[in-house]
Every structure is written in C-alpha cells, then in structure tokens.
1. Each residue of segment 88-103 in order: what ³J(HN,Hα) in whole Hz does its phi give by Karplus 6.51 cos²θ - 1.76 cosθ + 1.60, θ = phi - 60°, with x for Gly and Pro?
2. Can you tell me the 0 to 90 degree angle between the C-alpha axis of helix 45-61 and the longest principal axis of the chain, rounded to 10?
3. Is there a quick way to get the dipole size of the chain? I mean about its Cα centre, with the Cβ of Lys and Arg at +1 and of Asp and Glu at -1; what is the value in debye to the nearest 20?
4. Treating the chain as a set of equal point scatterers at the Cα positions, no solvent, please give the Debye-formula log₁₀ I(q)/I(0) at q = 0.07, 0.10, 0.14 Å⁻¹.
5. Please give the calculated 222 nm ellipticity per residue for the chain, where each DSSP H segment of at least 4 residues contributes -39500 (n - 2.57) and the sum is spread over every residue; nearest 500 deg cm²/dmol?
6. For GLY285, what is the net charge nearby, where nearby means another residue's Cβ is under 10 Å from its Cβ and Lys, Arg count +1, Asp, Glu -1?
7. List the residues, sorted by chain then number, that are 5 or more residues from VAL37 or on another chain and whose placed amide H is less than 5 Å from its amide H.
8. Residues with amide H under 5 Å of VAL65's amide H, sequence separation 5 or more or different chain, H placed in the peptide plane at 1.01 Å from N; which?
Amino acid sequence: MTNIRRQFLQAGAAGAAAIALPGLAQKAWPGQPITLVDPFPAGGSTDYFSRLLADRLGPLLGTQVVVDNKAGAGGLIGASTIAKAKADGYTIGMASVSTLCAGPAVQPASAVRYDPQKDFSYITKVATLPSLLVASPKLAVRDFRELIALAKAKPGRVSCGVPGLGSAGHVLMEYLMKLADVRFLMVPYKSGGTMTTDLISGQLDILSNNIPEVLPHVKSGSVRALAVRDLRRLAALPDVPTYKELGLEEVSHPLWFGLVAPAGVPEPVLGKIRAAAHKAMVDPGFVDKTLAVSASISPTSGPEFKADAAALLAKLREVVRTAGIKPE
C-alpha cells in the first residue's frame with residue numbers, strides 16, 4: 001500500500017470514527033430508495049463523485065441510492081430542487097463551491113431561490129479537487145509568469161474560457177486577475193468540452209478547469225499546464241507550480257464537493273447518512289478512484305462543512321463586489 005493511499009484511508013477512518021452513529025437502531029429509516037440530486041450534467045466532476053458515493057451508500061444504508069442529474073443555471077436549478085425537497089432524508093444532493101458560494105455571491109436572490117446557509121442540512125464534505133490553468137499550444141507562453149507578462153502588455157486581449165458567468169471558475173479567475181493586476185477577456189461557455197476543443201484549436205488562449213477534464217489533454221501534449229489550484233503540486237504533474245508558489249495563495253485552495261439535504265432533516269437521519277458516507281470514503285475502490293483524478297477525500301462534520309462554506313461565500317461576495325461582476 002502506497003503512503004498516499006494509506007494517508008487517505010487513515011484520514012477517512014478518523015473522520016468516520018469522529019461521527020457517532022445515531023439512529024442505527026431505528027429500522028424505520030430508510031424505508032424507500034434515496035435520490036441523490038447532482039446539479040450538473042452527467043460526465044462531469046460532481047457526477048463522478050456522486051456515482052462513486054451512491055454505489056457505496058446504497059449497500060451501507062440498506063436501500064437503493066439513485067443519482068438524478070438536474071443541470072442548469074450553473075447548478076442553481078438542481079440546488080434549488082434539493083433545498084425545496086421534503087425534509088425526510090430521501091432526497092440528498094451533491095453541493096459544490098458553485099452552488100453554495102459562487103452562484104449565490106453573483107446572482108440575485110430571485111435567480112438563486114434558496115439561502116445557501118439556511119435552506120440546507122450540511123452532511124459532510126466528500127472531496128477536494130484541484131484544477132489546472134492551461135494554455136493553448138498556439139499561445140506564445142511557456143509558463144505562468146510569461147502569461148502574466150503577456151496579459152500586462154496586452155490588457156483584455158488574452159482570452160480566458162470560463163464555465164459560465166457566475167460559476168466558481170469565473171469568480172476565482174476574477175479574483176486571480178485582481179491579485180495579479182491583469183485583465184483577461186472572459187469568454188463564458190456552457191460546455192466544458194466545447195471550451196477545451198476551442199483551446200486546443202487555438203480559438204481560445206487559456207482556461208481553468210477541474211483536473212479530470214483537462215489532465216488527459218495535458219498528458220497528450222494538446223495543451224500546456226501553467227498552474228495548479230491546490231496547496232501542493234500534483235504527483236501527476238510534478239513540474240507545474242501551485243498558485244501558492246507563484247505568490248497567489250488566496251486562489252490556491254482547491255474546490256470541493258459535499259453532501260447536503262434539505263433543511264430540517266432529523267439529526268438521527270443526517271447522522272446515519274454521514275456515517276455511511278464516511279465509511280464509503282475509505283472503501284478501497286473509492287480511494288483508488290479519488291487518487292486517479294488527483295483529488296483528496298475530505299470527511300467532515302456537518303457544522304465544519306457549513307462553516308467552511310460560509311467563510312468562502314463571504315470571501316467571494318467581496319470579490320464580486322470589488323471586481324464589479326454582474327449576473328448574466
């Protein structure tokens with residue numbers, strides 16, 4: 001067993017051990033299948049972890065857990081579905097930085113239709129996932145510092161793809177531009193696949209996206225990796241520096257996903273889901289598939305997860321205010 005894999009297993013076991021197993025003696029719940037709502041399309045990063053988790057939660061909880069992708073509006077539609085579901089534990093959801101922080105920071109309440117702190121029961125974080133800033137091979141830069149120099153020389157002319165205005169990727173790129181004192185031309189996309197295709201063809205200069213979507217293209221040489229959004233370098237790309245190493249620690253923290261439920265779900269039920277989720281996270285198959293995309297398992301308590309989301313929401317609201325980001 002590798003040291004990295006052993007650390008994953010130990011971290012997950014510690015998280016699971018820290019959570020009591022309330023309600024396990026109660027046989028009434030669950031008495032029917034559970035729906036895990038994913039606010040993004042099938043095949044994306046959240047879907048990857050939603051299905052990994054659902055496959056293991058079902059046997060642990062003694063019922064079927066079905067993933068239901070309800071994509072649209074940058075995740076806001078699916079998140080609203082979770083928030084408005086009956087608070088009985090039979091609807092849970094995969095939340096992200098986009099649905100709990102970036103979207104609510106950018107969009108008006110009329111568009112969000114839920115309060116990210118009041119309308120959810122926070123269960124546990126599931127995983128943190130690095131992202132990569134990558135450049136088209138047709139862009140004449142070899143590293144991040146050359147990119148910044150080019151952007152300063154040609155303000156607003158280096159095009160940057162983002163997965164929708166108001167997404168986590170968009171807001172964090174605005175934050176990066178503020179910290180680095182540069183200006184890229186923001187180009188919103190509805191499809192990560194189309195965005196990557198345009199980058200490879202040279203129609204787009206740079207983009208930032210989650211590891212699973214871009215790493216294969218870096219490995220093939222189709223795009224050039226410039227920086228990693230994480231606090232440590234990736235084993236898969238040991239020569240690519242983190243934003244922290246480049247003097248931009250504020251935007252070096254990786255994105256995360258986590259389980260939530262509608263507000264008001266009884267604590268014994270939440271505790272049972274949390275305990276099962278933490279046990280699922282130390283399943284060898286879950287660990288191996290998490291490592292395969294350079295992610296980390298991140299078991300937490302509900303209050304820890306909620307506090308982390310609240311802190312990031314406050315930070316991104318300030319970024320939105322100072323950068324003058326407007327909703328679509």
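Each value in this text was obtained by applying a stated rule to the coordinates, not by laboratory testing. Quick caveat, the model's predicted, so the values are computed rather than measured. Here Cβ is always computed from backbone atoms with ideal geometry, including for glycine, and neighbour counts include all displayed protein chains.
1. Karplus values, whole Hz, x for Gly and Pro: 10, x, 8, 10, 10, x, 8, 9, 9, 4, 5, 7, 9, 10, 5, x.
2. Roughly 10 degrees, rounded to the nearest 10.
3. On the way: 35 positive and 26 negative charges, 26 e Å.
It works out to roughly 120 debye.
4. -0.28, -0.56, -1.08
5. Values: 12 runs with 137 residues, N = 328.
Taking each H run of at least 4 residues, the total per residue is -13000 deg cm²/dmol.
6. Details: positive: ARG56, LYS289; negative: ASP55, ASP283, ASP288.
So the environment of GLY285 carries a net charge of -1.
7. When sequence neighbours closer than 5 places are left aside, the close amide H contacts are ASP68, ILE92, GLY93, MET94.
8. Those qualifying (amide H under 5 Å, at least 5 residues apart or on another chain) are ILE34, GLY58.
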